[in-house]
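Step one of this worksheet: look at the structure below.
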Amino acid sequence: MHSNRYIIVYSTIMVILVAVSLTFVAVQLKPRQEDNIRIEKMQNILASANIATTVVNAIETYNEFITQTLVVNNKGEEIKGADAFGLDLALEIKKPVDQQQLPVFIATLEDGKKYSIFPLRGKGLWGPIWGYLSLTEDFNTIYGVTFDHKGETPGLGAEINTDIFEKPWGGKQLFDQDGIFTSITVAKGGAKPGDIHAVDAISGGTITSKGLEKMVKDCMLSYEVYIKNKGRI
Amino acid sequence: MSANNKSNQEPLFSAKNTKLLKKPFNLENPITVQVLGICSALAVTVQMKPAIVMALSVTIVTGFSNLLISFLRDTIPARIRIIVQLVVVAALVIIVDQILKAYLYDVSKKLSVFVGLIITNCILMGRLEAFAMGNKPWPSFLDGIGNGIGYGAILVIVAFFRELLGSGKIYGYDVIPKVVFEIGYVNNGLMILPPMALITIGVIIWLQRSRNRELIDKS
């Protein structure tokens with residue numbers, strides 16, 4: 001039987017050794033891990049403008065197509081000197097509405113048309129969901145979307161990041177003909193054919209679908225003034 | 001071979017040692033016989049690539065945790081041995097997780113929590129308690145590797161069938177020709193869902209037990 005002193009010394013040394021080795025590994029690998037996260041973000045931004053990328057060409061493609069980034073506040077005014085790409089929307093949406101810094105990415109595609117990409121973030125059933133939404137030059141029609149999630153149920157809520165769910169968003173409109181912000185309804189039981197303000201929800205993924213609907217509505221509402229100002233020009 | 005065992009210098013891959021490696025494949029398979037590590041086997045077997053990475057991760061962790069614990073076995077105070085085992089396993093799992101996040105980011109996203117959950121995989125603690133605490137480092141290492149591969153083999157077999165029948169692919173490559181789809185073949189969406197993993201494992205257990213009748217419970 002070992003003495004208490006032995007056990008205490010033994011566990012102390014063990015914990016210190018483990019802590020040192022884990023810290024070493026974490027510090028060594030951190031730059032690579034951060035690169036991966038940045039590349040994934042670039043890929044998501046591009047995917048919402050329907051530009052397919054691979055891990056290898058993501059940075060290059062991003063620099064080629066994303067011609068402008070800016071940060072705005074909820075009054076639609078541009079905030080100078082802020083880094084749009086580096087902003088963490090998860091932190092921004094927790095701030096009071098008038099202090100939020102909201103990034104906008106502008107992609108210029110081969111046909112010369114400019115698409116504005118807006119980040120989204122909200123809550124699903126089990127954890128955060130997020131995505132990007134791109135608008136065409138009329139600042140009303142959706143060009144493309146991409147969604148992702150932390151841990152929605154596979155086969156149900158997790159379907160939000162599949163083409164089947166994302167593709168129908170293209171061509172939908174955020175504002176009605178009177179210019180009132182209506183957002184997009186994620187309709188349980190299916191959207192009516194020809195409804196330009198609704199898409200089909202996911203069967204069995206109602207809470208995720210509703211969370212996603214709220215996410216699009218809340219996040220795009222923050223950009224409402226900016227979008228309206230741009231749309232009128 | 002028995003002559004070798006009697007000599008002081010036992011060869012690295014003596015009959016006894018190779019048995020340690022081979023046993024987990026069949027008669028002592030962690031998944032199909034001991035029914036351990038089922039949760040992760042259900043979760044990460046939709047495609048081959050995550051299944052293979054998971055299999056490798058578990059094999060590395062079982063091998064090296066067995067090795068380390070076996071080295072330390074005479075110094076570990078009996079009263080805190082489970083905690084010591086857990087710390088060693090947790091440290092190794094975190095290292096594996098960090099490496100995956102740095103070098104195989106897409107796979108690590110698919111594996112998500114299941115890499116972290118290797119810590120709670122019963123196979124690990126089971127092998128540490130049952131084997132590494134009472135055996136020399138080299139046999140312990142082999143035992144760990146054997147169990148990891150035994151676990152991984154089932155994972156890969158299940159993933160093979162789920163990916164082939166569920167998505168028409170093997171390791172991400174399309175293998176079912178377009179013509180077959182045109183005739184009217186469709187991928188079986190059920191294969192992608194967790195229940196089919198359980199049923200596939202069930203079929204493997206059934207096949208294995210009909211070949212090895214000694215595995216069938218008497219009761």
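The values are calculated or read from the model by the stated rules, or taken from the named source; none is laboratory data. On a predicted model such as this, the values are computed, not experimentally measured, just so you know. Positions of Cβ are generated from backbone atoms using ideal geometry, with glycine treated the same way; all protein chains shown enter the neighbour counts.
Output yes when any residue across the range B:201-208 is within 14 Å of chain A (Cβ to nearest Cβ) and of a type in the set (G, A, S), and no when none is.
Checked against the condition, which is being within 14 Å of chain A (Cβ to nearest Cβ) and of a type in the set (G, A, S), the range B:201-208 yields no hits at all.
Which residue out of A:E77, A:E92, A:E34, A:E64 is charged (D, E, K, R) and within 14 Å of chain B (Cβ to nearest Cβ)?
Exactly one residue qualifies, and that residue is A:E34.
Going by the structure shown, is A:A107 part of a helix (DSSP H, G or I) and touching a residue at least 24 places away in the same chain (Cβ under 8 Å)?
Here the answer is no, as A:A107 does not meet what is asked.
Somewhere in the range A:51-59, is a residue assigned to a helix (DSSP H, G or I), under 20 Å from A:I106 (Cβ atoms), out of contact with any Phe, Trp or Tyr (no Cβ under 9 Å at 6 or more places or on another chain) and more than 9 Å from every other protein chain (Cβ to nearest Cβ)?
yes
Among A:D148, A:D138, A:D178, which is the only one that is surrounded by fewer than 21 Cβ atoms within 10 Å (Cβ to Cβ) and in a strand (DSSP E or B)?
Of the residues listed, the single one that is surrounded by fewer than 21 Cβ atoms within 10 Å (Cβ to Cβ) and in a strand (DSSP E or B) is A:D148.
Looking at B:S167, B:S140, B:S108, which one is in contact with a Lys or Arg (Cβ under 9 Å, 6 or more places away or on another chain) and either within 14 Å of chain A (Cβ to nearest Cβ) or not polar (S, T, N, Q) (or both)?
B:S108
Within the range B:58-87, which residues are among the charged types (D, E, K, R) and surrounded by fewer than 17 Cβ atoms within 10 Å (Cβ to Cβ)?
Matches in the range B:58-87: B:D74, B:R79, B:R81.
So how many residues does the range A:59-90 have that are under 16 Å from the mean Cα position of the chain (by Cα) and free of Cβ contacts under 8 Å to residues at least 12 places away in the same chain?
2
Being under 21 Å from A:I8 (Cα atoms), within 14 Å of chain A (Cβ to nearest Cβ) and touching a helix residue (DSSP H, G or I) at 6+ places or on another chain (Cβ under 9 Å) is the filter here; which residues of the range B:45-82 pass it?
Across the range B:45-82, the qualifying residues are B:L68, B:I69, B:F71, B:L72, B:R73, B:T75, B:I76, B:P77, B:R79, B:I80, B:R81, B:I82.
Scan (1) under 23 Å from B:Q47 (Cβ atoms); (2) modelled with pLDDT under 90 for the single condition A:D176 breaks and write down its number.
In the conditions (1) under 23 Å from B:Q47 (Cβ atoms); (2) modelled with pLDDT under 90, A:D176 misses (1) alone.
List the pairs whose first member sits in the range B:1-19 and is in a helix (DSSP H, G or I), whose second member is at pLDDT below 50 and of a type in the set (S, T, Y), and whose Cβ atoms are under 9 Å apart, counting only residues at least 6 apart or on separate chains?
B:A15/B:S2
Quick check: is even one residue across the range B:122-132 within 13 Å of chain A (Cβ to nearest Cβ) and under 30 Å from A:I37 (Cβ atoms)?
No.
Determine if the range A:20-33 includes at least one residue that is of a type outside the set (F, W, Y), more than 16 Å from the chain's Cα centre (by Cα), part of a helix (DSSP H, G or I) and closer than 21 Å to B:D74 by Cβ.
No: the range A:20-33 contains no residue that is of a type outside the set (F, W, Y), more than 16 Å from the chain's Cα centre (by Cα), part of a helix (DSSP H, G or I) and closer than 21 Å to B:D74 by Cβ.
Taking only pairs six or more apart or across chains, which ones have beta-carbon atoms under 8 Å, a first residue in the range A:146-163 that is within 10 Å of chain B (Cβ to nearest Cβ) and under 19 Å from A:R121 (Cβ atoms), and a second residue that is of a type outside the set (S, T, Y) and in a loop (DSSP other than H, G, I, E, B)?
Cβ pairs passing all conditions: A:K150/A:G124; A:K150/A:W126; A:K150/A:G127; A:G151/A:W126; A:G151/A:G127.
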